[in-house]
Amino acid sequence: MSGTTLDGAALAGWIRHAAGLVAADAERLTRLDAAIGDGDHGLNLDRGFTAAVAAIGALPEGAAPSKVLIAAGRAIVSKTGGASGPLYGTALRRAGRTLADEDEADATALGAALAAALEGVQELGQADEGDKTMVDALIPAVAAYEGALAGGADLASCARAAADAAARGADATIPLRARKGRASYLGARSAGHLDPGAASTALILRALADITVGEGGWSGSS
Amino acid sequence: MVGIVVISHSRTLADGVTEMARALGVGKAKVEPAGGDVDGGFGTSIDLVRHAVAAVDGGDGVVLLADLGSSVLTAKTFIEDTEGGAVLLADAPLVEGAVAAASMAAAGADLATVHAAAEAAREHRKT
């Protein structure tokens, strides 16, 4: 990984680091989900990302960025369970597809990949901003990334802007009333709780920002 | 004959709806359940959906029925991976849609007709 691009190994590092953050935070994510969902978000995502790490581990040395993300996405679709599997799996697969055969993703390509991920999530789940879902973290994240990029920021700064915006977006879900997913059955009672999907999106984008500055070495041990 | 797959978070619910659909498909309709996760627990599995579709696909297409939430997302994700438009998700209530689809499929209708019948089941009133 150079300072301004991410290769397949770097993106594999992202998946591993994200898996580590999810595993470390699984209990909190499950607790958030128990408040308004069906209480399995952390467990599901931990299982899915563990499978993703195994899948990318099985790829040949030097696999291209697209192959890494698509393999991770497929594993997540297959093994996660809940709504998160199809949603995160589709996000990663769409991101991977935009990277085509390139050996490295620069800031522009990574931004396009994140935008494609968002598009995939919205197409599949049909959620809009304000519905109290992962989209409430992902929309501001993509907007912040694109804003930073347009302002001439480098890849790491764009990724950090995205992660910060995702965290703020997740916090902003607290007062919202859910209009999608199991929480939507609770109506007004879903307000006052942070959406678990938005929380996990913020975590996964934090992992991306970490690896762009060389942090987050996930060694595979917890 | 158009095949039908019943997707549910619950294995027993998928099995039960399949039983009903087979009965109302007068023993002719090809209906398979894809309920629960791969370990038999609560949830949905794209792998079980794939397996069930393969079991009912006789070359005339397949209609998917899904209960709610991640069953729908799993169905849509499965379809995105399928080429040729031969698998359709019905925007229909699980039981009523499966029964309508099975009846129509048993009568030899094509994919579009079976799919439309499943979706029309949304309008069936009970009172």
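Taken about its Cα centre, the protein assembly as shown carries a charge dipole of roughly 920 debye when the Cβ of each Lys and Arg holds +1 and the Cβ of each Asp and Glu holds -1.
Under a Cβ-only charge scheme (Lys and Arg +1, Asp and Glu -1), can you give me the dipole magnitude of the stretch A:18-94 about the Cα centre, in debye to the nearest 20?
Working: 8 positive and 7 negative charges, 67 e Å.
That gives a dipole near 320 debye.
Size of the stretch A:88-222: Rg and Dmax of its alpha carbons, in Å, are 15.2, 48.
Could you tell me which of rounded, prolate or oblate describes chain B, using a ≥ b ≥ c as the square roots of the eigenvalues of the alpha-carbon gyration tensor, with rounded for a/c under 1.5 and, failing that, prolate when a/b is larger than b/c and oblate otherwise?
Numbers: a/c = 1.44, a/b = 1.18, b/c = 1.22.
Rounded.
Surface composition of the protein assembly as shown: carbon and sulfur atoms hold 54% of the protein heavy-atom accessible area at a 1.4 Å probe.
Max-minus-min Cα coordinates of the stretch B:35-81 on each principal axis give 31, 19, 17 Å, with the largest extent listed first. Between A:E102 and A:A188, residue separation times 0.36 nm minus the direct Cα-Cα distance comes to 26.3 nm.
Could you tell me the total accessible area buried at the B-A interface, probe 1.4 Å, in square angstrom to the nearest hundred? Intermediate results must be reported in sequence, preceding the final value.
Numbers: alone 6230 and 9560 Å², together 14750 Å².
Heavy-atom accessible area buried at this interface is about 1000 Å².
Normalising by the residue count of chain B, find the relative contact order in percent from Cα pairs under 8 Å and 6+ residues apart.
Relative contact order for chain B comes out at 30 percent.
With Cα atoms defining each centre, the stretch B:76-120 and the stretch A:43-110 are spaced 30 Å apart in the structure. In chain A, the longest principal axis of the Cα atoms and the axis of helix A:65-79 are about 30 degrees apart.
Each of B:R50 and A:D128 was given a label point 7 Å from its Cα along the Cα-to-Cβ line. The distance between the two points is 3.5 nm.
Remark: the Cα gyration tensor places the protein assembly as shown in the prolate category, a/c being 1.5 or greater and a/b exceeding b/c. Bridging of A:K79 to lysines at a Cα separation below 28 Å is possible for A:K67, A:K132, A:K180, B:K30, B:K76, once same-chain residues fewer than 8 apart are set aside.
Within a 10 angstrom radius of each residue's Cβ in B:59-70, how many Cβ atoms of other chains show up on average? Whole number is fine.
Going residue by residue through B:59-70 and averaging, the value is 2.
Here the stretch A:31-170 is assigned +1 on the Cβ of each Lys and Arg and -1 on the Cβ of each Asp and Glu. Its dipole about the Cα centre then comes out at about 400 debye. Under 5 Å between amide hydrogens, built in the peptide plane, is the criterion, and for B:F42 it picks out B:D37 among residues at least 5 positions away or on other chains. Look at the alpha carbon pairs under 8 Å that are at least 6 residues apart: their mean separation over the length of chain A gives a relative contact order of 23 percent. What shape does the stretch A:117-184 have by the C-alpha gyration tensor, where a ≥ b ≥ c are the square roots of the eigenvalues, rounded means a/c under 1.5, and otherwise prolate means a/b greater than b/c and oblate the rest? Prolate shape, in that a/c is at least 1.5 and a/b is the bigger ratio.
Looking at the protein assembly as shown, send over the antiparallel percent of its DSSP beta bridges, to the nearest 5. Write out the running numbers ahead of the final one.
Working: 3 of 17 bridges.
The answer is about 20 percent antiparallel.
Just checking the output field for A:123-129: average partner chain Cβ neighbours within 10 Å of each residue's Cβ?
Numbers: counts 2, 5, 4, 3, 0, 0, 0.
Average per residue, whole number: 2.
Taking every residue in B:44-51 and counting other chain Cβ atoms within 10 Å of its Cβ, the average works out to 3. Can you tell which of A:A24, A:G42, A:G73 lies farthest toward the positive end of the dipole of the stretch A:1-78, using +1 and -1 charges on the Cβ of basic and acidic side chains (Lys, Arg; Asp, Glu)? Farthest towards the positive end: A:G73.
Between helix A:155-171 and chain A, what is the angle of the helix's C-alpha long axis to the longest principal axis, kept within 0 to 90° and rounded to the nearest 10? Taking the Cα atoms of chain A, the angle to A:155-171 is about 10 degrees.
The values are calculated or read from the model by the stated rules, or taken from the named source; none is laboratory data. Values in this document were obtained by computation on a predicted structure and should not be read as measured data. Please note: Cβ atoms are built from the backbone with ideal geometry, for glycine as well, and neighbour counts cover all protein chains shown. What goes into the accessible areas is simple: the full protein's heavy atoms, side chains included, and nothing from ligands, DNA or RNA. Shrake-Rupley method; radii C 1.70, N 1.55, O 1.52, S 1.80 Å.
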